[in-house]
1. Scan (1) under 19 Å from the mean Cα position of the chain (by Cα); (2) over 28 Å from Phe9 (Cβ atoms); (3) open to solvent by 40 Å² or more (accessible area, probe 1.4 Å) for the single condition Arg99 breaks and write down its number.
2. Any idea how many residues of region 118-127 are touching a helix residue (DSSP H, G or I) at 6+ places or on another chain (Cβ under 7 Å) and open to solvent by 10 Å² or more (accessible area, probe 1.4 Å)?
3. So, Ala51, is that one open to solvent by less than 70 Å² (accessible area, probe 1.4 Å), at pLDDT 95 or above and closer than 27 Å to Gly164 by Cα or not?
4. List the number of the failed condition for Ser56; all other conditions in (1) at pLDDT 95 or above; (2) open to solvent by 60 Å² or more (accessible area, probe 1.4 Å); (3) part of a helix (DSSP H, G or I) hold.
5. Got a number for residues in region 139-170 being in a loop (DSSP other than H, G, I, E, B), small (Gly, Ala, Ser) and under 23 Å from Leu38 (Cα atoms)?
6. Can you give me the number of residues within region 17-42 that are farther than 14 Å from Thr154 by Cα, assigned to a helix (DSSP H, G or I) and among the aromatic types (Phe, Trp, Tyr)?
7. Within region 144-167, how many residues are open to solvent by less than 30 Å² (accessible area, probe 1.4 Å), touching a residue at least 60 places away in the same chain (Cβ under 8 Å) and farther than 19 Å from Val98 by Cα?
8. Please indicate, with yes or no, whether at least one residue in region 168-191 is modelled with pLDDT of 55 or more, of a type in the set (D, E, K, R) and open to solvent by less than 70 Å² (accessible area, probe 1.4 Å).
Amino acid sequence: ALPLTFFVFRPLPDRGYLFSKALGLLGVAFVVWLLASLRWMAFSRESISVALLLLSVASLVVLARRRREMLEFVRERWSILLIGEVVFLLAFLAFVMVRMANPDLWHPFRGGEKPMDLAYLNAVLKSSFMPPYDPWFGGGYLNYYYWGQFIVATLIRATGIDPGVAYNLAVPMFFALTVGGSYAIVYNLAEGTRRSLTSRGPPSDAAFGGRSGVEGSDTSSDGLTGVPPDYRELRSGGGRMSWSPVIAGVGGAIFVSVLGNLDGAIQVGQGLWRTVAQSLPFGEFDFWRSTRMM
């Protein structure tokens, strides 16, 4: 889906690179779901192959027409693409570790709604056409939003991974997609603003109180007289200012996916206090409690 993403999000500074991961999943899964819902093809590896073929053809058409533009962009901005990929992979691996610490899918307290969630996932997997059968009511159809389970079921059908293992990989995948998407949005907003400021040209003296020799400014060979050094770094695209959109993107991803609920940090602090100050066991981490904090 990457060529399609480059085309659809071409106004963005990073061409929506990280969005390609979600777009590829959504595009393939939607075609497969549509074929199964219209009963044109059963939910199977064959229908997934058809969806992959359609998406590939669309991407190849775009690639054939914009190959030079895409290759030039990759040569010039490969470092930004690499940073986005690292952000996605670190988020995925971090949540894999969370699932490794508590991989149960059945526990009535630690598992939360996972027993129901896994039942719906298996129902989608075992259904040839949509909507899937109801795992709780014999002879009925699932009267519930199951699109998320269908995306995961599509990956399971394509790869043959055991559903119990796939579930513990799917949860980190959605976390990483959330981190990657929020990073990309904030990065593009920040980088777009930076470029907009650069394209306007040097600020006038009026912007600095009508003085050409404001404190912290200097005169240089580039013709920017009385302009703070930060602006020249901004115009050249180099220096520390070029990292600010990346930092903003990482901060945005953390605020969206980690800091929205501080109960986890509170529990860790309480556990450390029990261990260090009271010489007691750390205690168990209660995932379920944090979901009721809001």
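1. Going through the list (1) under 19 Å from the mean Cα position of the chain (by Cα); (2) over 28 Å from Phe9 (Cβ atoms); (3) open to solvent by 40 Å² or more (accessible area, probe 1.4 Å), Arg99 breaks only (3).
2. First pass over region 118-127, keeping only residues touching a helix residue (DSSP H, G or I) at 6+ places or on another chain (Cβ under 7 Å): 118, 120-122, 124-125.
From the residues that got through so far, the ones that are open to solvent by 10 Å² or more (accessible area, probe 1.4 Å) too are 118, 120, 122, 125.
Residues flagged as touching a helix residue (DSSP H, G or I) at 6+ places or on another chain (Cβ under 7 Å) and open to solvent by 10 Å² or more (accessible area, probe 1.4 Å) within region 118-127 amount to 4.
3. yes
4. (2)
5. First, pick out the residues of region 139-170 that are in a loop (DSSP other than H, G, I, E, B): 139-140, 142-146, 160-162.
Right, trim to small (Gly, Ala, Ser) and you get 139-140, 160.
Now drop any that are not under 23 Å from Leu38 (Cα atoms), which leaves 139-140.
Qualifying residue count, region 139-170: 2.
6. Residues meeting the conditions: 1.
7. 4
8. yes
The values are calculated or read from the model by the stated rules, or taken from the named source; none is laboratory data. None of these values were measured; they are calculated from a predicted model. Every residue, glycine as well, gets a Cβ built from its backbone with ideal geometry; the counts of neighbours run over all protein chains shown. Just so you know, the surface numbers come from the protein's heavy atoms only, side chains and all, with ligands and any DNA or RNA stripped out. Shrake-Rupley method; radii C 1.70, N 1.55, O 1.52, S 1.80 Å.
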